[in-house]
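Peer 1: Submitted below is the structure of interest, expressed as structure tokens.
Since every read-out is calculated from the coordinates, none of them should be taken as a lab result. As the structure is a computational prediction, the values presented were derived from the model and not from experiment. When we count neighbours, we look across all protein chains shown, and the Cβ atoms used for this are built from the backbone with ideal geometry, even at glycine.
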Amino acid sequence: MRSFPGDFLWGSSTAAHQVEGGNHHNDWWDWEHDPASPAVESSGDAIDHLHRYDEDFALLASLGQNAHRLSLEWSRIEPAPDEFSQVALDHYARVLDSLADHGLTGFVTLYHFTLPRWFAARGGWLADDALDVFGRFVERVAGTLGDRIPYACTVNEPQIVALGSYLNGEFPPGHRDAGEAIAVNATLGQAHRTAVAALRAGRGTPRIGTCLHLPYLEPLRPGDEADEAAAGMARAVMVDHHLDDLRAGGDVGDWVGLQYYTRTRMDASGGALDTAPPPEGAETTLMGWEVFPAGLGTMLRRIAEAGLPVVVTENGIATADDDQRVRYLESHLAELARVLAEGVDVRGYLYWSSFDNFEWARGYAPTFGLVGVDRADGFRRVPRRSAELFGEVARSGDLAALRAASGTTPSPS
């Protein structure tokens, strides 16, 4: 029995720095090569998607996917202030044409974690003119490529940029300053509106959204005043700030992206923003995250309060056991089907990630891909069984094949 509408968008996601290779001119390349940073290895050649994009898109389409999310590498397009590379713009025009040629609806992210080296050096998102700099970049992209972009994703996970770069020091520039994190979180909310205006003025009519990372947050000890306060503080920054801004009026785009991975339990006993490890015996991933599918449904209902159609732009698992990935897909897509049946307006689901790739400071060890990549054997692509089963869902709109493979029986309605 079909659980998803016939026009539902099914695909997977990547980000330029994680798959292209050779992005030498951004802040992450510098960070990976800084012995003082927590990065365990360099992205290097990544999976050479820069040169293999066409065959990669052909593979994803053959696996039943009808949509794909990627990002444009800002530092390739604008390697120096107000100096734009026509070669890079022409490259991305070919990439977007290839997507369309293979029948994949494109979701194009404009900012996915990496900054041009020159912009990072002058303060990045803390710079006084940060919004002007980002707006100029988006204007050039929109004026050149806008008619090739069906769906535009303005900012990827503003909350994670704020936390990773300015609070916990895992991302460049490695700061640990709560005031800076709060300021950057707010600036990136404004950056979405800046990008919306630039895209509206450009070529074509891309449908525009921001991609929000919304974990399921709860207190470690329900009823404990300190834990409840910590969970409330985390929700205010991670969730409420951005949803309130989308509801505040003005042109905030046409849809919103949800990126969900896990439950986070706040433990105030060691500090206001400390988190507890997963419960004893809980299923976890290679990232150490708890597998908690119910949280996807909860956060879909929550993000729908913004009043915009929703696309799941990231959801996935890092695992060395593809059977676990199959179970993960079944449990999370079943949760998505329940939410759809309730009438929540969800238009698509994009798994993270299309391929095993460079997982930022953690390097290549966490394997998220529906398609494995043997980097020691000419970057050979190895589609996994989970990719085939995901394609069955995409073609049929039904979870039967996934359920059978994962040994799950449908819940009574």
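Peer 1: Counting DSSP beta bridges in the range 1-139, what percent are antiparallel, to the nearest 5? Can you show the working numbers first?
Peer 2: Values: 2 of 10 bridges.
So the antiparallel bridges amount to about 20 percent of the total.
Peer 1: Could you give P(r) for the range 75-228, binned at 5 Å from zero, as whole percent values over all Cα-Cα pairs?
Peer 2: Values per bin, smallest distances first: 2, 9, 16, 19, 18, 14, 9, 6, 3, 2, 1, 0.
Peer 1: Right, next: Can you give me the convex hull volume of the Cα atoms of the range 306-355, divided per residue and expressed in Å³?
Peer 2: Details: hull volume 3.6 nm³, N = 50.
Each residue corresponds to 72 Å³ of Cα convex hull volume.
Peer 1: Among 152-159, 335-342, 315-322, 210-217, what's the highest-first ranking by average C-beta atoms within 10 angstrom per residue?
Peer 2: Details: 152-159: 26.0, 335-342: 17.4, 315-322: 19.8, 210-217: 24.2.
Most protected by this proxy first, the peptides run 152-159, 210-217, 315-322, 335-342.
Peer 1: Order these peptides, 227-233, 261-267, by their mean beta-carbon neighbour count within 10 angstrom, highest first. Don't skip to the end; give the middle numbers.
Peer 2: Values: 227-233: 17.9, 261-267: 21.4.
Those peptides, ordered most packed to least, come out 261-267, 227-233.
Peer 1: Translational diffusion coefficient of the range 9-406 at 20 °C, 1.002 mPa s, Stokes-Einstein with Kirkwood Rh over Cα pairs, in µm²/s as a whole number.
Peer 2: Details: Rh = 21.2 Å.
For these conditions, the coefficient is 101 µm²/s.
Peer 1: First measure r as the distance between the Cβ atoms of ASP30 and ASP90, then evaluate 1/(1 + (r/R0)^6) with R0 = 41 Å and state the FRET efficiency to the nearest 0.05. All intermediate terms of the calculation are to be shown ahead of the outcome.
Peer 2: Details: r = 26 Å, r/R0 = 0.64.
So, using R0 = 41 Å, E works out to roughly 0.95.
Peer 1: Let me check against my output: what whole-number percent is the relative contact order of the chain, with C-alpha pairs under 8 Å and at least 6 apart? Don't skip to the answer; put the middle values down first.
Peer 2: On the way: 835 pairs, mean separation 74.2, N = 413.
Here the relative contact order equals 18 percent.
Peer 1: ALA229 to ILE182: extension gain in nm, 0.36 nm per residue of separation minus the Cα-Cα distance? Please list the in-between numbers first.
Peer 2: Details: separation 47, 0.36 × 47 = 16.92 nm, distance 1.73 nm.
Stretched out fully, the ALA229 to ILE182 stretch lengthens by 15.2 nm.
Peer 1: Based on a Kirkwood Rh over C-alpha pairs, give the Stokes-Einstein translational diffusion coefficient of the range 1-90 at 4 °C and viscosity 1.567 mPa s in µm²/s. Could you put the intermediate results ahead of the total?
Peer 2: On the way: Rh = 15.3 Å.
In µm²/s, the coefficient is 84.
Peer 1: Expected output is a single nm value to one decimal: the length gained when fully extending between GLN190 and ALA100, i.e. 0.36 nm times separation in residues minus the C-alpha distance. What is it? Write out the running numbers ahead of the final one.
Peer 2: Working: separation 90, 0.36 × 90 = 32.40 nm, distance 3.05 nm.
Length gained between GLN190 and ALA100: 29.3 nm.
Peer 1: Something else now. In what sequence, highest mean first, do 381-388, 126-133, 69-76 appear when ranked by Cβ atoms within 10 angstrom? Please list the in-between numbers first.
Peer 2: On the way: 381-388: 18.5, 126-133: 15.5, 69-76: 25.5.
So the order, starting with the most tightly packed, is 69-76, 381-388, 126-133.
Peer 1: Additional query: Return the long-range amide H neighbours of TYR351 (sequence gap of 5 or more, or a different chain), with a cut-off of under 5 Å between placed amide H atoms.
Peer 2: So TYR351 has HN proximity to GLY11, SER12, SER13.
Peer 1: Can you check what the net charge comes to around SER98, using other residues whose Cβ is under 12 Å from the Cβ of SER98 (Lys, Arg +1; Asp, Glu -1)?
Peer 2: On the way: positive: ARG52, ARG94, ARG148; negative: ASP54, GLU55, ASP56, ASP97, ASP101.
Computed value for this residue: -2.
Peer 1: On the first, second and third principal axes, largest extent first, how far apart are the outermost C-alpha atoms of the range 292-413 in Å?
Peer 2: 47, 32, 24
Peer 1: Shifting gears a bit: Express in nm, to one decimal, how much length is gained between ALA376 and GLU280 on full extension, taking 0.36 nm for each residue of separation and deducting their alpha carbon distance.
Peer 2: Numbers: separation 96, 0.36 × 96 = 34.56 nm, distance 3.65 nm.
Contour length minus the Cα-Cα distance gives 30.9 nm.
Peer 1: When you have a sec, figure out the Kirkwood radius of the range 236-309 from all distinct Cα pair distances and drop it here in Å to one decimal?
Peer 2: Numbers: mean 1/r = 0.0697 Å⁻¹.
Roughly 14.3 Å, rounded to one decimal.
Peer 1: Related question: In a shell of Cβ-Cβ distance under 11 Å around TRP31, excluding TRP31 itself, what net charge do Lys and Arg (+1) and Asp and Glu (-1) give? Display every interim value, and only then the final one.
Peer 2: Details: positive: ARG117; negative: ASP27, ASP30, GLU32, ASP34, GLU170.
Here the charged neighbours net out to -4.
Peer 1: Here is a follow-up. If amide hydrogens are placed 1.01 Å from N in the peptide plane, which non-local residues have theirs closer than 5 Å to the one on ARG207?
Peer 2: It is TYR151, ALA152, by chain and number.
Peer 1: For the range 16-159, would you read off the P(r) tail past 18 Å as a percentage of all alpha carbon pairs? Can you show the working numbers first?
Peer 2: Numbers: 5935 of 10296 pairs.
Value for the range 16-159 (Cα pairs over 18 Å): 58 percent.
Peer 1: Something else about it: How big, on average over all directions, is the shadow cast by the Cα convex hull of the range 195-296, in nm²? Working shown, then result.
Peer 2: Details: hull surface 34.6 nm².
For the Cα atoms of the range 195-296, the hull's average projected area reads 8.6 nm².
Peer 1: Could you list which residues have their amide H under 5 Å from that of SER37, counting only those 5 or more apart in sequence or on another chain, with H placed in the peptide plane?
Peer 2: Long-range HN contacts for SER37: none found.
Peer 1: Just report the Cα centroid separation between the range 296-369 and the range 76-125, whole Å.
Peer 2: Comparing the Cα centres of the range 296-369 and the range 76-125, I get a distance of 25 Å.
Peer 1: Where the only charges are on Cβ atoms (+1 Lys, Arg; -1 Asp, Glu), what is the dipole of the chain about its Cα centre, to the nearest 20 debye?
Peer 2: Details: 34 positive and 59 negative charges, 204 e Å.
Using only the charged Cβ atoms, the result is roughly 980 debye.
Peer 1: So, one more: Grab the other residues whose beta carbon is less than 11 angstrom from that of HIS192, score K and R as +1, D and E as -1, and report the net.
Peer 2: On the way: positive: ARG193; negative: ASP245, ASP251.
So the surrounding residues net to -1.
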